[in-house]
Amino acid sequence: WLNDTVLGTNPLRNLKVVQVDLGGNTLSETDIEDGFLRDFSVSAFDAASSAAGVLSFVVVPEHIRTQAGGSNISTGVPFTGFRADRFAVRLSGVAGNGFASVSGLRMIAAKVPAPPAGGLRRIFMPGPPQFGEVVLEAVAGPTATDLDSWVSAIALGTATSRDGEVGVLNATLSQDLAVIDLAEVRPTSFPAFPMSANRRRLTALISRFTFQ
């Protein structure tokens, strides 16, 4: 859904939100029809945190219907979660073992009024997706040295943006559960002095991010 929103191919989806009691019996069902992503974000990755990872999103619907429940969904749907400290950053020409955190992965699409179709209700459509600054923290060592070289080359006009990715790793750190592609990463600042926990903070612009 995020990828389709970013590429502008199929941004609308139908969702169902089910309220259940402790026994798994449905209390109500809410159908969200023809909704688009207004806001989508990935919680921060941090090598010092064992918190559960979270994907957050806001949906703008065209129609909402709520009805009483009645069925039982106690079997549920299997879900594989991820943790904040299980990640790998891969950037061309940059050693990856010194990255300590990644934050700021967020997409926002403006609510654009759709052409009037009769009636009094206002209908919206998604505007072009926009992406904020991404922050990468690195500890002193080869990773920070490579980032220094890249930033210096950009300042001299001999280097440009690079594509990269964040691998979301499994419990043994041996396999990607998912990969977040970062397109056209371009540093905007990389102060020489560490912020905290001996980490230096690189701030960068990206043209977009998508999931593999």
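The values are calculated or read from the model by the stated rules, or taken from the named source; none is laboratory data. On a predicted model such as this, the values are computed, not experimentally measured, just so you know. Here the Cβ positions follow ideal geometry from the backbone for every residue, glycine too, while neighbour counts run over all protein chains shown. In case anyone asks, the SASA skips ligands and DNA or RNA and just uses the protein heavy atoms, side chains included. Shrake-Rupley method; radii C 1.70, N 1.55, O 1.52, S 1.80 Å.
Below is a table of values for the structure above.
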| read-out | value |
| --- | --- |
| Top of Pro113, Pro61, Pro187 by mean-square fluctuation, Gaussian network on the chain, Cα under 10 Å | Pro113 |
| Length-normalised contact order of region 121-212 in % [C-alpha pairs under 8 Å, at least 6 apart] | 34 percent |
| Gain in span if fully extended, Gln130 to Thr145, counting 0.36 nm per residue against the direct Cα distance | 2.4 nm |
| Per residue accessible area of the chain, 1.4 Å probe, in Å² | 56 Å² |
| Loop-located chymotrypsin sites (Phe, Trp or Tyr not before Pro) in region 76-157, at most 14 other Cβ atoms within 10 Å (DSSP) | Phe79 |
| Exposure rule at most 12 other beta-carbon atoms within 10 Å, DSSP loop trypsin sites (Lys or Arg not before Pro): the chain longest free segment | 1-120 |
| Cβ-Cβ FRET estimate between Arg122 and Thr26, R0 fixed at 25 Å, reported to 0.05 | 0.20 |
| Cα→Cβ-extended label distance, 7 Å offset, between Ala159 and Ile64, nm | 4.8 nm |
| Highest-MSF residue in the chain out of Gly69, Gly98, Gly164 [GNM, Cα springs under 10 Å] | Gly69 |
| For the chain, size of Cβ-based charge dipole, Lys and Arg +1, Asp and Glu -1, in debye | 320 debye |
| Cut-off under 5 Å, modelled amide H: who pairs with Ala178 long-range | Val168 |
| C-alpha long axis of helix 142-156 to longest principal axis of the chain, angle in ° | 90 degrees |
| Entry for semi-axes √(5λ) of the Cα gyration tensor in Å (calculated from the structure that is shown) out of (1) 29, 20, 16; (2) 38, 24, 12; (3) 35, 20, 15 | (2) |
| Accessible area of region 26-184 belonging to carbon and sulfur atoms, whole % at 1.4 Å probe | 55 percent |
| Inter-site label distance for Val112 and Phe211 at 7 Å from Cα along Cβ, in nm | 2.5 nm |
| Nearest-10 value in Å² for the accessible area of Ser207, using the 1.4 Å probe | 50 Å² |
| Global geometry of region 90-212, whether rounded, prolate or oblate, following the gyration tensor of its Cα atoms and the 1.5 cut on a/c | prolate |
| Gyration tensor (alpha-carbon) shape descriptor, region 125-167, a/c threshold 1.5 | oblate |
